[in-house]
1. Has the range 21-36 got any residue that is modelled with pLDDT under 90, part of a loop (DSSP other than H, G, I, E, B), touching a Phe, Trp or Tyr at 6+ places or on another chain (Cβ under 8 Å) and within 28 Å of Gln136 (Cβ to Cβ)?
2. I need a count of the residues in the range 54-101 that are of a type in the set (Gly, Ala, Ser) and in a helix (DSSP H, G or I).
3. When you look at Val44, is it of a type in the set (A, V, I, L, M, F, W, C), crowded, with 16+ Cβ neighbours inside 10 Å and either in a loop (DSSP other than H, G, I, E, B) or modelled with pLDDT of 65 or more (or both), yes or no?
4. Got a number for residues in the range 251-266 being closer than 15 Å to Ala299 by Cβ and assigned to a loop (DSSP other than H, G, I, E, B)?
5. Just checking, how many residues over the range 258-291 are buried (at least 18 other Cβ atoms within 10 Å of the Cβ) and either touching a Pro at 6+ places or on another chain (Cβ under 8 Å) or of a type in the set (Gly, Ala, Ser) (or both)?
6. I'd like the full set of residues that are more than 18 Å from Pro76 (Cα to Cα) and modelled with pLDDT of 95 or more, limited to the range 47-62.
7. All but one of (1) surrounded by 14 or more Cβ atoms within 10 Å (Cβ to Cβ); (2) in a loop (DSSP other than H, G, I, E, B) hold for Arg104; which doesn't?
Amino acid sequence: MHKMLIAVWAMAAALQCAPAWPADAASAPAGGATRGCDACPEMVSIPGGEFVMGSPAGERDRDDDELPQRQVRVKPFALGKTEVTVAQWRQFTLASGYLTEAERNLYEPGCFTWEPQRPEWAWRAGRSWPDPGWGQKDDEPVVCISWSDAQAYVRWLDQRSGVKGWRLPTEAEWEYAARAGSTTRWPWGDDADLLCEHSNGTDRTKGPNSRTWSDARVCRDGHWYTAPVGRYRPNAWGLHDMLGNVWEWVQDCYLPYTGAPNDGSAHETKGCKGRVVRGGAWDDHIDVLRSAERFWLGAGNRNNNIGLRVARTLPP
(Lines give C-alpha, C1' and ligand atoms only; values in the text may rest on other atoms or scores of the structure.)
Protein backbone atom coordinates (compact mmCIF):
# COMPACT_ATOMS: atom_id res chain seq x y z
CA MET A 1 0.00 0.00 0.00
CA HIS A 2 1.18 3.53 -0.50
CA LYS A 3 2.16 4.17 3.10
CA MET A 4 2.01 7.94 3.33
CA LEU A 5 -1.60 7.93 2.13
CA ILE A 6 -2.75 5.11 4.37
CA ALA A 7 -0.85 6.01 7.54
CA VAL A 8 -2.92 9.12 8.29
CA TRP A 9 -6.14 7.14 8.01
CA ALA A 10 -4.72 4.22 9.99
CA MET A 11 -3.78 6.42 12.95
CA ALA A 12 -7.28 7.84 13.18
CA ALA A 13 -8.92 4.44 12.84
CA ALA A 14 -6.69 2.93 15.51
CA LEU A 15 -7.71 5.49 17.97
CA GLN A 16 -11.02 3.98 17.41
CA CYS A 17 12.32 -22.27 -7.88
CA ALA A 18 14.86 -21.50 -5.11
CA PRO A 19 17.21 -18.57 -5.56
CA ALA A 20 20.98 -18.85 -5.69
CA TRP A 21 22.61 -18.34 -2.30
CA PRO A 22 26.14 -18.22 -0.95
CA ALA A 23 26.99 -21.46 0.82
CA ASP A 24 27.16 -19.76 4.23
CA ALA A 25 24.04 -17.59 3.89
CA ALA A 26 21.92 -19.77 6.18
CA SER A 27 23.72 -21.65 8.92
CA ALA A 28 20.90 -24.17 9.37
CA PRO A 29 18.47 -25.24 6.64
CA ALA A 30 14.75 -25.31 7.31
CA GLY A 31 12.93 -28.61 7.56
CA GLY A 32 10.59 -30.00 4.91
CA ALA A 33 7.00 -28.82 4.69
CA THR A 34 4.37 -30.78 6.62
CA ARG A 35 0.63 -30.52 7.17
CA GLY A 36 -0.87 -31.13 10.63
CA CYS A 37 -4.44 -31.86 9.50
CA ASP A 38 -6.57 -31.88 6.37
CA ALA A 39 -7.50 -28.22 6.88
CA CYS A 40 -4.13 -27.05 8.14
CA PRO A 41 -1.77 -24.90 6.07
CA GLU A 42 1.45 -26.53 4.93
CA MET A 43 4.14 -25.67 7.48
CA VAL A 44 7.93 -25.38 7.30
CA SER A 45 10.09 -26.07 10.36
CA ILE A 46 12.28 -23.02 10.94
CA PRO A 47 15.58 -23.67 12.75
CA GLY A 48 16.44 -21.67 15.83
CA GLY A 49 19.25 -19.17 15.70
CA GLU A 50 20.37 -15.57 16.06
CA PHE A 51 20.08 -12.69 13.64
CA VAL A 52 20.34 -8.92 13.52
CA MET A 53 16.84 -7.41 13.30
CA GLY A 54 16.21 -4.10 11.56
CA SER A 55 17.93 -2.29 8.71
CA PRO A 56 21.62 -1.34 8.66
CA ALA A 57 22.92 2.17 8.13
CA GLY A 58 23.09 2.88 4.44
CA GLU A 59 20.21 0.61 3.40
CA ARG A 60 18.24 2.42 0.74
CA ASP A 61 14.64 3.39 1.69
CA ARG A 62 15.10 2.43 5.35
CA ASP A 63 12.63 3.96 7.82
CA ASP A 64 13.28 5.25 11.32
CA ASP A 65 11.07 2.57 12.89
CA GLU A 66 13.54 -0.09 11.70
CA LEU A 67 16.08 1.23 14.22
CA PRO A 68 17.97 0.49 16.34
CA GLN A 69 19.24 -2.79 15.00
CA ARG A 70 19.54 -5.46 17.67
CA GLN A 71 20.65 -9.05 18.07
CA VAL A 72 17.70 -11.42 18.53
CA ARG A 73 17.71 -15.13 19.32
CA VAL A 74 14.77 -17.10 17.93
CA LYS A 75 13.67 -20.56 19.08
CA PRO A 76 12.73 -23.21 16.51
CA PHE A 77 9.14 -22.85 15.29
CA ALA A 78 6.97 -23.71 12.29
CA LEU A 79 5.76 -21.17 9.75
CA GLY A 80 3.31 -21.41 6.88
CA LYS A 81 4.98 -22.20 3.57
CA THR A 82 2.58 -19.73 1.99
CA GLU A 83 -0.01 -17.20 3.02
CA VAL A 84 -3.43 -18.58 4.02
CA THR A 85 -5.51 -19.06 0.88
CA VAL A 86 -9.11 -18.28 0.00
CA ALA A 87 -9.87 -22.02 -0.02
CA GLN A 88 -8.37 -22.53 3.44
CA TRP A 89 -10.29 -19.58 4.85
CA ARG A 90 -13.53 -20.84 3.30
CA GLN A 91 -13.01 -24.24 4.93
CA PHE A 92 -12.63 -22.47 8.28
CA THR A 93 -15.78 -20.39 7.88
CA LEU A 94 -17.91 -23.31 6.69
CA ALA A 95 -16.76 -25.52 9.57
CA SER A 96 -17.06 -22.87 12.27
CA GLY A 97 -19.75 -20.49 11.03
CA TYR A 98 -17.38 -17.58 11.64
CA LEU A 99 -18.17 -14.21 10.06
CA THR A 100 -15.31 -11.78 9.60
CA GLU A 101 -15.43 -8.27 10.97
CA ALA A 102 -15.86 -7.01 7.40
CA GLU A 103 -18.93 -9.23 6.96
CA ARG A 104 -20.32 -7.97 10.26
CA ASN A 105 -19.56 -4.32 9.35
CA LEU A 106 -17.81 -3.95 12.70
CA TYR A 107 -16.53 -0.40 13.37
CA GLU A 108 -16.79 0.46 9.66
CA PRO A 109 -18.77 -0.94 6.70
CA GLY A 110 -17.15 -3.76 4.76
CA CYS A 111 -13.48 -3.66 3.82
CA PHE A 112 -11.03 -0.81 3.20
CA THR A 113 -10.25 -1.25 -0.50
CA TRP A 114 -8.44 0.20 -3.45
CA GLU A 115 -10.18 -0.37 -6.78
CA PRO A 116 -9.05 1.03 -10.15
CA GLN A 117 -12.59 1.93 -11.15
CA ARG A 118 -12.56 4.26 -8.14
CA PRO A 119 -8.83 4.81 -7.61
CA GLU A 120 -8.72 5.71 -3.96
CA TRP A 121 -8.59 3.89 -0.64
CA ALA A 122 -12.02 3.90 1.03
CA TRP A 123 -14.34 1.80 3.20
CA ARG A 124 -16.77 0.03 0.90
CA ALA A 125 -19.87 -1.74 2.17
CA GLY A 126 -20.32 -5.25 0.80
CA ARG A 127 -16.61 -5.84 0.34
CA SER A 128 -15.15 -8.72 2.35
CA TRP A 129 -13.04 -11.80 1.76
CA PRO A 130 -15.47 -13.48 -0.72
CA ASP A 131 -15.57 -10.27 -2.81
CA PRO A 132 -12.63 -7.94 -2.13
CA GLY A 133 -13.14 -5.93 -5.33
CA TRP A 134 -12.00 -8.49 -7.91
CA GLY A 135 -12.58 -12.16 -8.59
CA GLN A 136 -10.10 -14.15 -6.52
CA LYS A 137 -9.25 -17.79 -7.13
CA ASP A 138 -9.09 -20.41 -4.38
CA ASP A 139 -5.28 -20.57 -4.46
CA GLU A 140 -4.80 -16.84 -3.91
CA PRO A 141 -4.21 -15.35 -0.44
CA VAL A 142 -7.34 -14.40 1.47
CA VAL A 143 -7.70 -10.64 2.12
CA CYS A 144 -9.98 -8.26 4.04
CA ILE A 145 -8.95 -10.09 7.21
CA SER A 146 -8.45 -8.18 10.47
CA TRP A 147 -5.95 -9.07 13.20
CA SER A 148 -8.91 -10.19 15.30
CA ASP A 149 -10.15 -12.44 12.47
CA ALA A 150 -6.68 -13.96 12.24
CA GLN A 151 -6.79 -14.77 15.96
CA ALA A 152 -10.09 -16.59 15.46
CA TYR A 153 -8.53 -18.65 12.67
CA VAL A 154 -5.53 -19.84 14.69
CA ARG A 155 -7.80 -20.75 17.62
CA TRP A 156 -9.83 -22.88 15.22
CA LEU A 157 -6.66 -24.59 13.95
CA ASP A 158 -5.89 -25.58 17.55
CA GLN A 159 -9.27 -27.28 17.75
CA ARG A 160 -9.31 -28.76 14.26
CA SER A 161 -5.81 -30.23 14.39
CA GLY A 162 -5.92 -31.36 18.00
CA VAL A 163 -2.45 -29.87 18.35
CA LYS A 164 -1.96 -26.73 20.41
CA GLY A 165 0.37 -23.89 19.56
CA TRP A 166 -1.15 -22.40 16.41
CA ARG A 167 -0.73 -18.62 16.37
CA LEU A 168 0.48 -15.64 14.41
CA PRO A 169 4.26 -15.30 14.13
CA THR A 170 5.98 -12.69 16.23
CA GLU A 171 7.53 -9.80 14.35
CA ALA A 172 11.02 -11.10 15.15
CA GLU A 173 10.13 -14.60 13.93
CA TRP A 174 8.68 -13.14 10.75
CA GLU A 175 11.80 -11.13 9.87
CA TYR A 176 14.11 -13.99 10.86
CA ALA A 177 12.22 -16.35 8.53
CA ALA A 178 11.98 -13.79 5.73
CA ARG A 179 15.72 -13.16 5.81
CA ALA A 180 16.52 -16.90 5.96
CA GLY A 181 20.11 -16.19 6.87
CA SER A 182 20.53 -13.08 4.71
CA THR A 183 21.62 -9.63 5.89
CA THR A 184 20.81 -7.80 2.67
CA ARG A 185 17.93 -5.58 1.55
CA TRP A 186 16.09 -8.59 0.16
CA PRO A 187 16.37 -12.30 1.03
CA TRP A 188 18.13 -13.03 -2.27
CA GLY A 189 20.67 -10.21 -1.99
CA ASP A 190 20.79 -6.63 -3.26
CA ASP A 191 19.93 -7.23 -6.92
CA ALA A 192 16.74 -5.26 -7.67
CA ASP A 193 16.44 -6.97 -11.05
CA LEU A 194 15.46 -10.21 -9.27
CA LEU A 195 12.54 -8.63 -7.41
CA CYS A 196 9.99 -9.63 -10.05
CA GLU A 197 11.03 -13.28 -9.79
CA HIS A 198 10.48 -13.34 -6.04
CA SER A 199 7.56 -11.05 -5.23
CA ASN A 200 4.19 -9.77 -6.41
CA GLY A 201 4.25 -5.97 -6.30
CA THR A 202 3.61 -3.15 -8.73
CA ASP A 203 4.72 -3.95 -12.27
CA ARG A 204 3.72 -3.25 -15.87
CA THR A 205 0.82 -5.70 -15.87
CA LYS A 206 -2.28 -3.92 -17.11
CA GLY A 207 -5.17 -3.85 -14.69
CA PRO A 208 -8.87 -3.06 -15.19
CA ASN A 209 -9.48 -0.17 -17.60
CA SER A 210 -5.96 -0.81 -18.97
CA ARG A 211 -4.43 1.08 -16.05
CA THR A 212 -0.81 0.52 -15.08
CA TRP A 213 1.02 1.53 -11.91
CA SER A 214 2.76 4.88 -12.20
CA ASP A 215 5.70 3.66 -10.07
CA ALA A 216 5.83 0.17 -11.52
CA ARG A 217 8.79 -2.14 -12.02
CA VAL A 218 9.69 -2.92 -15.61
CA CYS A 219 8.53 -6.55 -15.54
CA ARG A 220 5.08 -7.99 -16.20
CA ASP A 221 3.96 -10.98 -14.12
CA GLY A 222 0.34 -11.05 -15.29
CA HIS A 223 -1.09 -10.23 -11.85
CA TRP A 224 -2.52 -6.79 -11.09
CA TYR A 225 -3.94 -7.87 -7.73
CA THR A 226 -3.09 -10.99 -5.70
CA ALA A 227 -1.30 -13.90 -7.35
CA PRO A 228 -1.64 -17.61 -6.53
CA VAL A 229 0.47 -18.49 -3.51
CA GLY A 230 3.76 -20.12 -4.45
CA ARG A 231 3.75 -18.43 -7.87
CA TYR A 232 7.12 -16.76 -7.19
CA ARG A 233 10.50 -18.19 -6.20
CA PRO A 234 10.89 -19.10 -2.50
CA ASN A 235 13.57 -17.87 -0.16
CA ALA A 236 16.42 -20.10 1.04
CA TRP A 237 14.15 -21.76 3.62
CA GLY A 238 11.42 -22.64 1.13
CA LEU A 239 8.98 -19.87 2.11
CA HIS A 240 6.99 -18.19 -0.64
CA ASP A 241 5.69 -14.60 -0.84
CA MET A 242 7.43 -13.32 2.26
CA LEU A 243 7.66 -10.08 0.31
CA GLY A 244 4.67 -8.91 -1.74
CA ASN A 245 1.28 -10.41 -2.58
CA VAL A 246 -0.35 -9.36 0.73
CA TRP A 247 0.74 -7.74 3.97
CA GLU A 248 0.76 -10.30 6.80
CA TRP A 249 -0.42 -9.73 10.36
CA VAL A 250 2.01 -10.59 13.16
CA GLN A 251 1.35 -10.81 16.88
CA ASP A 252 3.17 -7.66 18.00
CA CYS A 253 1.93 -4.23 18.92
CA TYR A 254 3.48 -1.48 16.84
CA LEU A 255 6.17 -0.20 19.20
CA PRO A 256 9.71 1.21 18.90
CA TYR A 257 12.53 -1.32 18.78
CA THR A 258 14.14 0.35 21.79
CA GLY A 259 13.35 -1.91 24.73
CA ALA A 260 11.98 -4.72 22.55
CA PRO A 261 12.64 -8.31 23.68
CA ASN A 262 15.69 -10.04 22.27
CA ASP A 263 14.36 -13.60 22.68
CA GLY A 264 12.06 -13.60 19.64
CA SER A 265 8.88 -13.14 21.67
CA ALA A 266 6.15 -10.65 20.75
CA HIS A 267 6.48 -7.04 21.86
CA GLU A 268 3.09 -6.23 23.40
CA THR A 269 1.62 -3.76 25.90
CA LYS A 270 -1.77 -3.18 27.46
CA GLY A 271 -3.99 -0.86 25.48
CA CYS A 272 -2.15 -1.62 22.25
CA LYS A 273 -3.40 0.84 19.61
CA GLY A 274 -1.88 -0.78 16.55
CA ARG A 275 -0.69 -4.19 15.34
CA VAL A 276 2.17 -4.78 12.96
CA VAL A 277 1.86 -6.03 9.38
CA ARG A 278 4.88 -7.21 7.41
CA GLY A 279 6.01 -8.00 3.89
CA GLY A 280 4.26 -5.53 1.60
CA ALA A 281 1.61 -6.32 -0.99
CA TRP A 282 0.50 -6.38 -4.63
CA ASP A 283 0.22 -2.57 -4.73
CA ASP A 284 3.63 -1.81 -3.22
CA HIS A 285 6.76 -0.45 -4.83
CA ILE A 286 10.34 -1.56 -4.42
CA ASP A 287 10.97 0.73 -1.42
CA VAL A 288 8.39 -1.17 0.66
CA LEU A 289 9.20 -4.73 -0.43
CA ARG A 290 12.17 -5.14 1.92
CA SER A 291 12.89 -7.62 4.72
CA ALA A 292 13.09 -4.88 7.37
CA GLU A 293 9.99 -2.88 6.32
CA ARG A 294 7.31 -2.36 9.01
CA PHE A 295 3.77 -1.00 8.92
CA TRP A 296 0.81 -1.05 11.31
CA LEU A 297 -2.96 -0.83 11.53
CA GLY A 298 -5.57 -1.13 14.25
CA ALA A 299 -6.54 -4.70 15.14
CA GLY A 300 -10.00 -4.20 13.64
CA ASN A 301 -8.77 -2.84 10.32
CA ARG A 302 -9.11 -4.99 7.22
CA ASN A 303 -7.87 -4.04 3.77
CA ASN A 304 -7.93 -5.82 0.43
CA ASN A 305 -4.14 -6.05 0.52
CA ILE A 306 -3.84 -7.62 3.99
CA GLY A 307 -3.96 -11.32 4.82
CA LEU A 308 -2.09 -13.69 7.11
CA ARG A 309 0.46 -16.46 7.47
CA VAL A 310 0.30 -18.76 10.48
CA ALA A 311 2.96 -20.03 12.85
CA ARG A 312 3.04 -22.88 15.35
CA THR A 313 5.04 -23.36 18.51
CA LEU A 314 7.00 -26.61 18.34
CA PRO A 315 7.09 -28.99 21.30
CA PRO A 316 10.37 -29.00 23.27
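1. No, the range 21-36 has no match at all.
2. At the first step, the residues of the range 54-101 found to be of a type in the set (Gly, Ala, Ser) are 54-55, 57-58, 78, 80, 87, 95-97.
The next check asks that each one be in a helix (DSSP H, G or I); those that pass are 87, 95-96.
Final tally of qualifying residues: 3.
3. Values: of a type in the set (A, V, I, L, M, F, W, C): yes; crowded, with 16+ Cβ neighbours inside 10 Å: yes; either in a loop (DSSP other than H, G, I, E, B) or modelled with pLDDT of 65 or more (or both): yes.
Yes, satisfied.
4. 3
5. Looking only at that region, the number is 9.
6. Gly54, Ser55
7. (1)
The values are calculated or read from the model by the stated rules, or taken from the named source; none is laboratory data. Quick caveat: nothing in here was measured; it's all calculated off a predicted structure. Glycine gets a Cβ as well: all are built from the backbone with ideal geometry, and neighbour counts include every protein chain shown.
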